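Below is one structure; the comments refer to it alone.
The values are calculated or read from the model by the stated rules, or taken from the named source; none is laboratory data. Quick caveat: nothing in here was measured; it's all calculated off a predicted structure. Quick reminder, even Gly has a Cβ in these numbers, built from the backbone with ideal geometry, and neighbours come from all protein chains shown. With ligands, DNA and RNA removed, areas are computed over all heavy atoms of the protein, side chains included. Shrake-Rupley method; radii C 1.70, N 1.55, O 1.52, S 1.80 Å.
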4 protein chains.
Amino acid sequence: MVIIMRPDADAEVIEHVIGKVEELGFEPHPIYGVINTVIAVIGDRTQEAMDTLQSMPGVDRVVPILRPYKLAGREVKPEATVVNVADVAVGGEAITIIAGPCAVESREQYLTTGRYVKQAGAHILRGSIYKPRTSPHDFQGLHEEGIQLLAAAREELDMPIITEVLDPRHIERLDPVTDIFQIGARNMQNFALLAEVGQANKPVLVKRGMSATIDDLLKAVEYVLVGGNEQVILCERGIRTFETQTRNTLDISAVPIIKRFSHLPVIVDPSHASGEAWLVPALSKAALAAGADGLMIETHPSPQDALVDGPQSLRPEDFTELMQELKPFAQAAGRRL
Amino acid sequence: MVIIMRPDADAEVIEHVIGKVEELGFEPHPIYGVINTVIAVIGDRTQEAMDTLQSMPGVDRVVPILRPYKLAGREVKPEATVVNVADVAVGGEAITIIAGPCAVESREQYLTTGRYVKQAGAHILRGSIYKPRTSPHDFQGLHEEGIQLLAAAREELDMPIITEVLDPRHIERLDPVTDIFQIGARNMQNFALLAEVGQANKPVLVKRGMSATIDDLLKAVEYVLVGGNEQVILCERGIRTFETQTRNTLDISAVPIIKRFSHLPVIVDPSHASGEAWLVPALSKAALAAGADGLMIETHPSPQDALVDGPQSLRPEDFTELMQELKPFAQAAGRRL
Amino acid sequence: MVIIMRPDADAEVIEHVIGKVEELGFEPHPIYGVINTVIAVIGDRTQEAMDTLQSMPGVDRVVPILRPYKLAGREVKPEATVVNVADVAVGGEAITIIAGPCAVESREQYLTTGRYVKQAGAHILRGSIYKPRTSPHDFQGLHEEGIQLLAAAREELDMPIITEVLDPRHIERLDPVTDIFQIGARNMQNFALLAEVGQANKPVLVKRGMSATIDDLLKAVEYVLVGGNEQVILCERGIRTFETQTRNTLDISAVPIIKRFSHLPVIVDPSHASGEAWLVPALSKAALAAGADGLMIETHPSPQDALVDGPQSLRPEDFTELMQELKPFAQAAGRRL
Amino acid sequence: MVIIMRPDADAEVIEHVIGKVEELGFEPHPIYGVINTVIAVIGDRTQEAMDTLQSMPGVDRVVPILRPYKLAGREVKPEATVVNVADVAVGGEAITIIAGPCAVESREQYLTTGRYVKQAGAHILRGSIYKPRTSPHDFQGLHEEGIQLLAAAREELDMPIITEVLDPRHIERLDPVTDIFQIGARNMQNFALLAEVGQANKPVLVKRGMSATIDDLLKAVEYVLVGGNEQVILCERGIRTFETQTRNTLDISAVPIIKRFSHLPVIVDPSHASGEAWLVPALSKAALAAGADGLMIETHPSPQDALVDGPQSLRPEDFTELMQELKPFAQAAGRRL
């Protein structure tokens, strides 16, 4: 870190800070300028040490040097991580398509969707039975009743399943019927939940919170990685901005940035990013062009009858068409679909 | 809701939407304009019905009319709710001051703080033993060890205690030692947790998430209210914006807006909003001037030794001085401190 | 528009608003609900009428129905506009590449750049001689001295020139040496300037302001269109958000949204959006994939010697390589480069 | 500045950057860490030098140390500046109230407003004759016709006048009838205009742009100060965020921050910040509590007949009542009203 002293900090005050740096076990390198003195301190990234020094009299700002995450960084693991979701490799040469309805609503709806998304070339079937709805007056998911539908779909379709986990107490129940746990955007900083999936022996997909910076996302997944679970996929799904034409603003730059600073695979969810089905094709293509390892797309046999997120769900024929349209973009990006 | 049809929607498409409105059990009122047709639909606020109609061909937008929350609204309960935290009434004529360290670190630190905040006139002692840190490499709280410190402080100081709950599995353990549960900003949309404290027979303070709109906050507390727990206090603590001089941007307007649309008490946390101790006095005064029912302020016997949030913690003498300075502002606002 | 009355508005208050609607010359359609009354008013989009009604007692909100722009909308002109910049058609089947340094610095620097960008396949040469720098202590451009350099480049390279205009008093001077006027993001709501280029007989490129919504951008270009100048190109260049890894957040969704609601061509500036040269290739590809009509890319013979925006300028060899890499993406999008 | 090198930068690359620092005339202080090397460079704040170094191979980030403005900073002038608008001192012990309609609409409307705001105790009368409307289809102001109305009001009421200037060409015309020039939020980075009022011999009020950081605002006013005009007042009027309940989000923290880092007076405009008249009293009180030197409040004899911004204009009786209610808050803040 670099400690920038206030212009009015006198020699005694500066000495005091230097002493504290030494007390914390670091080596201070003061540089005396005309206006400010700065003290360079190499080798630490803990918030605690920075907070301690920031709290001292005479300190204007403490600027971190090291990125605030460790295990997710390219520095500790230069080569890209490939996460295996059952037999689907995410983060390799092939593009991965996760598709399905937002929520599992019925056997009919879920199996129908599974059949056409598989037919169209999707690799993993999404479908949640616990839904984090912003209002308790809205449909919350099928809960227990949905577990057997997940199992049925996995068996009949022979396709890996991804489902959202909201509560640490549900992990055990969901474990037998899912191939990867999804942590939703609203739970990206639910550290109790992250720590719990960090103990699981199964891949985890972590969605970026809508007000989370890229650094926040990489710090949050440290909670999973530190538990020993290294099978983590990141998902960009839009951030909250002043623009109201879209539900969220897809931060397309997050894709190349995460690929550069982290070894973990990153996919894009154009459905939640936009909130509107007609925008999904353009954003899907942009995501592949920007270097995403995959997409997570919502589709429903009859969007207007969907209990959740109908407006952003593609109709079956539109999903199938999109899968075809994506191929040349995957190819242009040097990938395979 | 009001359904705005696209300019190119023809009579058949419009009829189809009108039919769907009737099928959903509502009465449609179409108004045929020169450019667009609009269909007014009175009496519903569920996201499902709006999503269904938004998903139909020819629909441009669906605009809600009713506010998206029910139980928290002034419409259902015009008079202000007063929440009793042990013997402290929050939301009445008196201003409530919650103060203390961010985290309980030791018996010495916690009791010392409790003594001087009580002496200075604070009403409720804060102190968390589970801390939601953005990085797993930072101090996470004392956990079990802290429970007896909370109990000790409550007994010695005869002051109500507020502590944060992160995990639904901790509620039972914390229940005997706390007088009010705090839901932190990062968990404002952790609906599993909200539903659980909705079952508790104890007040709950819900902090606004850093990317949550005021409507989102009021929708989230419906999860608590719907469970039967009506003892809810809201807390504005800053939102995430592009401005980086402060940790968050205190949305001071949220205070009068919440007071107008909801019957629940609202307090302000100037410490997390600003992230810097020197800003806390100005923001505290502004909060009282804007009509807040109370403040939640961080203070530490020695901020530079704090394990969490030192830079935003007031020194004991500064806290005591602020308590004095706040009095004329409380009085100007027609309140008592 | 739709006027939503407050739940406590009584019959007399409602009648008063209905009377005002009639007085303004519109036909009111009241719909009496259980909680609120709403009054539909078809056929107007002026802010004045909405403000008048919003100011009346008993009115909760006024919701616009029509989009707030006219001349830029697809409704008035369904087919796409093609803007001719000298002999370069922007908005047709071919992708347009605008490239060059941020600022014209010297004859050597400018002609060198012009030569390699033309060689690599760019269509229009950018280069500004008036620079809107956030600080007056930074380089402001060559001003008068630069005019002959623009003229020299245009003649030697036989390439259309785009340059930024900051002040209505400069239009006359720049007119002989430029083929298209650029209105920068900071001047997107400098209406005096927009009105002035609306009188010019030359294309105009308008960049989206960093806090402008898509609607704001389309409203701003009405100032140009209403003056009779219909040769307008829009440019998405990133918006201001809380994410600090990039200088701005490229709002990639703006591309398909503008293409749907407006007939004007839209290009993307990945250099200003990201602020970092290494991000430019990924964002350029994403822009073409999302349907952009062109790109505006900064490049400099020696970025580390650039007087302005060096960090986001591509090196000559990187620009040339990018031009090659873009081709399959243009093709995948059904375009030509 | 501090230059943070990438972890993979080798000795040769680091030497190259050190050489460049020396070439630019600064003294480099490299500190070799385990992961990164950092190079401290004292004594410069120009964007150019930082951009140059940021553009070099091996450089990860360049972190500024000095604040990016000079003349507006407390470092160059520790004591507070008092700006005299005719005989009204802004920034001293007394609170200054600027009030009036958004736009001058007619003699009747303007003089009526002037009379009651003066009667209620306001010090400066606002009123613009050039209005920056987001749409060209809305009322743009009285222009030339309004000049004599400004003159008439100033003479009859014996009150200083503030009016907005949009175009450098209007300064000469407005100069005889105004006592202070207002630069609106949309023009905060219209540097041609700022430079022009920097040449005027008259105070200037600069409003913060809706996407401008506090640093941006202080950098922008350097354009005025560097021209020799030191009579500058800053105005916080809300920033653009994701919250839609208010037109903008009043950044109340900007008040104490500007007061700490700059010697210039700062006032708050609660009318534009909120966009709703009923919020103005709470925000006005909060502004005084936070330390503002004054307020700029919109009021209109009949808000529902206002041509501009009716919804945020106070009725005469509400304005008069607010002036009374503000007194105890001014007093609590150690000021006078």
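Tabulated results
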item	result
Copy-to-copy label separations for A:Val82, where each label sits 7 Å from Cα toward Cβ, in nm and ascending	4.7, 6.8, 7.5
Formal net charge of residues neighbouring A:Asp269 (Cβ-Cβ distance under 10 Å; K, R +1; D, E -1)	+2
Nm distances between copies for A:Gly25, ranked from closest, using label points 7 Å along Cα→Cβ	4.5, 6.3, 7.7
For the protein assembly as shown, accessible area per residue (1.4 Å probe, heavy atoms of protein chains only), Å²	32 Å²
Förster radius 30 Å - calculated FRET efficiency between C:Val34 and B:Arg61 (Cβ-Cβ, nearest 0.05)	0.85
Solvent exposure, largest accessible area first (probe 1.4 Å, DNA, RNA and ligands not counted), of B:Phe242, A:Phe139	A:Phe139, B:Phe242
Expected 222 nm ellipticity per residue - DSSP helices of 4 or more, -39500 (n - 2.57), all of chain B, to 500	-10000 deg cm²/dmol
For q = 0.18, 0.29 Å⁻¹, Debye-computed log10 I/I(0) when each Cα of the stretch C:2-63 counts as one equal scatterer	-0.52, -1.45
Percent breakdown of C-alpha pair distances by 10 Å bin, ordered from the shortest bin, for the stretch A:48-140	13, 22, 20, 19, 16, 8, 1
Average beta-carbon neighbours from other chains, 10 Å sphere, peptide D:59-65	4
Debye intensity ratio I(q)/I(0), log10, the stretch C:237-330, q values 0.24 Å⁻¹ (C-alpha model)	-1.22
Interface residues, the stretch D:287-335 - accessible area loss of 50 Å² or more versus chain alone, probe 1.4 Å	D:Ala289, D:Gln304, D:Pro311, D:Phe329, D:Ala332
Probe 1.4 Å, all protein chains present, accessible-area order of C:Val62, B:Val221, largest first	C:Val62, B:Val221
Members of A:Lys70/A:Lys207; B:Lys207/D:Lys207; C:Lys219/C:Lys259; D:Lys118/D:Lys327; B:Lys70/B:Lys207 lying beyond 21 Å, as alpha-carbon distances in this model show	B:Lys207/D:Lys207
Chains A and B, summed buried accessible surface - 1.4 Å probe, Å², nearest 100	4400 Å²
Largest-first ellipsoid semi-axes for the stretch C:24-102, taking √(5λ) over the Cα gyration tensor eigenvalues, angstrom	43, 15, 12
Other protein chain Cβ atoms within 10 Å, averaged over every residue that makes up C:274-286	6
C:Asp8-B:Arg315 pseudo-label distance in nm [points 7 Å out on the Cα-to-Cβ vector]	4.8 nm
Cα gyration tensor category, rounded, prolate or oblate, for the protein assembly as shown with a/c compared to 1.5	rounded
Projected area, mean over directions - the stretch A:165-260, Cα convex hull, nm²	6.3 nm²
Equivalent ellipsoid semi-axes, the stretch D:148-214, via Cα gyration tensor eigenvalues times 5, rooted, Å	23, 13, 9
Distance between modelled label sites at D:Gln331 and B:Thr244, nm, 7 Å Cα→Cβ extension	4.4 nm
Efficiency of FRET between A:Ala80 and A:Gln324 - r from beta-carbon atoms, R0 41 angstrom, step 0.05	0.90
Only Lys, Arg (+1) and Asp, Glu (-1) charged, at Cβ; the stretch A:83-332 dipole about Cα centre in debye	420 debye
Cβ-based net charge around A:Ala122, under 12 Å, with every Lys or Arg adding one and every Asp or Glu removing one	+2
The stretch A:221-291 - Rg (one decimal) and Dmax (whole number), Cα, Å	13.4, 41
Chain B: radius of gyration over Cα atoms, expressed as a fraction of 2.2 N^0.38 Å	1.14
With every protein chain in place, the stretch C:2-63: carbon and sulfur % of accessible area (1.4 Å)	49 percent
Inter-site label distance for A:Arg169 and D:Asp175 at 7 Å from Cα along Cβ, in nm	7.6 nm
Alpha carbon convex hull of the stretch A:83-124, projected area averaged over orientations, nm²	3.3 nm²
D:Glu48 accessible area, assembled protein chains, probe 1.4 Å, Å²	50 Å²
1.4 Å probe, heavy atoms, protein only - residues of the stretch C:108-153 losing at least 10 Å² accessible area vs chain alone	C:Pro132, C:Arg133, C:Thr134, C:Ser135, C:Pro136, C:His137, C:Asp138, C:Phe139, C:Gln140
For the stretch C:118-166, the fraction of alpha-carbon pairs in successive 5 Å shells from zero, as %	5, 20, 26, 20, 15, 10, 4, 1
The stretch C:213-305, accessible surface, carbon-and-sulfur percent (1.4 angstrom probe)	45 percent
Shape category assigned to the stretch A:81-190 from the gyration tensor of Cα positions, a/c cut at 1.5	oblate
